[in-house]
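Participant: Questions regarding the structure given below will be posed in turn.
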Amino acid sequence: MSTSPAAASCLTIARDDGVLRLTKTNPKSGYGISIAMWQALTAAFEGARVDPSVRAIVIDAGGRGFHRGAVMVTELQPELARLGKADFRNLVQMGQSLGRLIASMSIPVIGIARAGALGGGLELLLRCDFLYTVDAAEFSFPEVTLGLLPGAGGTQPRRAVRRPTAGPSSAHRTTGPSHGRSA
């Protein structure tokens, strides 16, 4: 997939000891999923898939660390009421394709949400193996107030498309014992 100049400028890609860190750098869209961001994330994950030196991927939002949803909606149509069936289909397909790509990675994908996430941004993070956040972070699916269901596939179980893991002991080795609050 070729990456447009806009896509290249909205995502900072850094490598450190086998960890690919993807930081959203698009403050004008509130660190949301614009078409350029979708292109940049897709290209980064496709590249990582074939790069054996990448052992883990971290997704973070710049600024205060809040992941907004699909700002690409307003890129397709300035007013929500003008979105047609084809627009919605395109949005859902774009979100689901990126989600499937993230979910199919054979390496750990870690999401960081210091302030929280909305809509498509939250669905993106739900596709990660691990999600790190703080107690004050806020998460929601505002599309449900419009009578819409989250459509990018982040609310579906991720393990359904993953290869089997080594078992519960491998999770304990990577995360250690749980000392956090239970849900």
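Laboratory data are not the source of any read-out in this text; all were calculated from the coordinates shown. These numbers come from a predicted model, not from an experiment. Note that each Cβ is placed from the backbone with ideal geometry, even for glycine, and that neighbours are counted across all protein chains shown.
Participant: Report the net charge of residues surrounding A48, where surrounding means a beta-carbon distance below 12 angstrom and charges are Lys +1, Arg +1, Asp -1, Glu -1.
Facilitator: The answer is +2.
Participant: Relative to 2.2 N^0.38 Å, what does the C-alpha radius of gyration of the stretch 1-151 come to as a ratio? Two decimals please.
Facilitator: After normalising by residue count via 2.2 N^0.38 Å, the value is 1.00.
Participant: Another question, then. Could you pull the Cα extents of the stretch 84-132 along its three principal axes, largest to smallest, in whole Å?
Facilitator: 36, 28, 8
Participant: Ranked highest first by average number of other Cβ atoms within 10 Å, how do 103-112, 80-89 line up?
Facilitator: Values: 103-112: 17.3, 80-89: 10.7.
Descending packing order for the listed peptides: 103-112, 80-89.
Participant: Short version: ³J(HN,Hα) in whole Hz for each residue of the stretch 14-23, in order, from phi by Karplus 6.51 cos²θ - 1.76 cosθ + 1.60 (θ = phi - 60°), x for Gly and Pro, what are they?
Facilitator: 10, 10, 8, 6, x, 9, 9, 9, 10, 10
Participant: Per-residue HN-Hα couplings for the stretch 134-145, Karplus 6.51 cos²θ - 1.76 cosθ + 1.60 at θ = phi - 60°, whole Hz, x for Gly and Pro?
Facilitator: Karplus values, whole Hz, x for Gly and Pro: 10, 4, 7, 5, 10, 10, 6, 10, x, 4, 5, 6.
Participant: What is the spread of the Cα atoms of the stretch 34-110 along each of their three principal axes, largest first, in whole Å?
Facilitator: On the principal axes, the stretch 34-110 reaches 45, 29, 16 Å in Cα extent.
Participant: Further, regarding this structure: Tell me the net charge near A81. Cut-off is 15 Å between Cβ atoms, A81 excluded, with +1 for each Lys or Arg and -1 for each Asp or Glu.
Facilitator: So the surrounding residues net to -1.
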